[in-house]
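The values are calculated or read from the model by the stated rules, or taken from the named source; none is laboratory data. Owing to the predicted nature of the structure, the values given are computational and were not obtained by experimental measurement. For neighbour counting, all protein chains shown are included, and Cβ atoms are generated from backbone atoms with ideal geometry for every residue, glycine included.
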């Protein structure tokens, strides 16, 4: 398609906002409108940190001030839910009857928190975390001396447990896996991280929640093993489901997300999809898992903006993400499971690597972002590595880049 004269972006999270910003960075001079169902276009990772723990206001999470948005000619329509996409007509219909006209539409509707399915999941006090309002509700429940059950000990669940302990809340953490995140980080490194919960006074349980019921003014959660916990709230961190209904109704190809090519093009030539809602089709025709990490949404947004403007997309790079718990900062790049060998580095800071066919394919560190930054470049350049040197805490990965 030729370069469109205007772009409508449905969703103002990191994927939608970055698409708008990248369009301007690439010299796009047409209209750019973001349709956002929330009160502002704001960042989500701080919801389990600053917004929840510190009570930061929504304005502090916004990607840009009204003045900055106006200067870049990016129009944001807050509290505006899109109810229909009409790609052939180049139209987005809003819930208040307004219409946004654009020659290109970008679906950046993100994902919603997966709700638990146990009996009592609809009771007041059974919460999830995906929006600023969710963070406020959890903070209200997390009074000092309160007791909260966190279901799911993945990245979000771990951050929630840590934040609750910071607020002086008693925490029961329940996960079906003895070592949560082992399939993502490898068993030894994941076990090291998971042990931090008990070290900080969290009541760690293995299993699931069978049911929740009222117990006076509190909730009684019955676990799968028959034990129970009386708590003031249950917060489920069970992952997310893509908000693809709007695209599906519009006739776009969907399969656990909006199906797109490597540049983010959907099945209609005038529509793109980006962020948590998008699912890429590989060159061999297979569908890749959705990538729900923050930076992945940014990189995909830059690719979509490049495709709209008609320039080459950025070069691909190894996936990177981060998480925080109990005062430590975790960073991960590449993959840490699958083919290859795990290399653990003991000492401070802790680190783990994965080597396959003589090259580095993944790394994770605790409180050592410089090593992850160097590891990413080593992975991208496919620099040969010696596992024995990686295991040495004194060895710096940057040394591998000097001769690459």
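Summary table below
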quantity	calculated
The range 284-297 residues that are in contact (Cβ under 8 Å) with a residue 40 or more places away in the chain and assigned by TED's automatic domain parsing to the domain that holds residue 267, paired with ones that are in a loop (DSSP other than H, G, I, E, B) and buried (at least 18 other Cβ atoms within 10 Å of the Cβ) (beta carbon under 6 Å, 6 or more apart)	290/257
In the range 319-339, the residues that are crowded, with 18+ Cβ neighbours inside 10 Å, outside any strand (DSSP E or B) and either in the same structural domain as residue 159 (by TED's automatic domain parsing) or touching a residue at least 60 places away in the same chain (Cβ under 8 Å) (or both)	336
Residue check for residue 181: under 22 Å from the mean Cα position of the chain (by Cα) and under 28 Å from residue 137 (Cβ atoms)	yes
Those residues of the range 106-128 which are in a loop (DSSP other than H, G, I, E, B) and under 24 Å from residue 273 (Cβ atoms), in sequence order	108, 109, 110, 114, 115
Every pair of residues 6+ apart whose Cβ atoms lie under 8 Å, when the first sits in the range 24-35 and is farther than 20 Å from residue 91 by Cα while the second is at pLDDT 95 or above and in a loop (DSSP other than H, G, I, E, B)	24/72; 24/73; 26/311
Single residue of 130, 139, 147 found to be closer than 28 Å to residue 267 by Cβ and in the same structural domain as residue 198 (by TED's automatic domain parsing)	130
Residue 376, sole failed condition from (1) within 21 Å of the chain's Cα centre (by Cα); (2) not in a helix (DSSP H, G or I)	(2)
The range 383-404 residues that are more than 16 Å from residue 361 (Cα to Cα), paired with ones that are at pLDDT below 90 and surrounded by 13 or more Cβ atoms within 10 Å (Cβ to Cβ) (beta carbon under 8 Å, 6 or more apart)	392/345; 393/345
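Quick grid of which residues meet (1) buried (at least 24 other Cβ atoms within 10 Å of the Cβ); (2) more than 28 Å from residue 322 (Cα to Cα); (3) within 23 Å of the chain's Cα centre (by Cα); (4) at pLDDT below 95:
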{"residue": "1", "(1), (2), (3), (4)": "no, yes, no, yes"}
{"residue": "5", "(1), (2), (3), (4)": "no, yes, no, no"}
{"residue": "55", "(1), (2), (3), (4)": "no, no, yes, yes"}
{"residue": "75", "(1), (2), (3), (4)": "no, yes, no, no"}
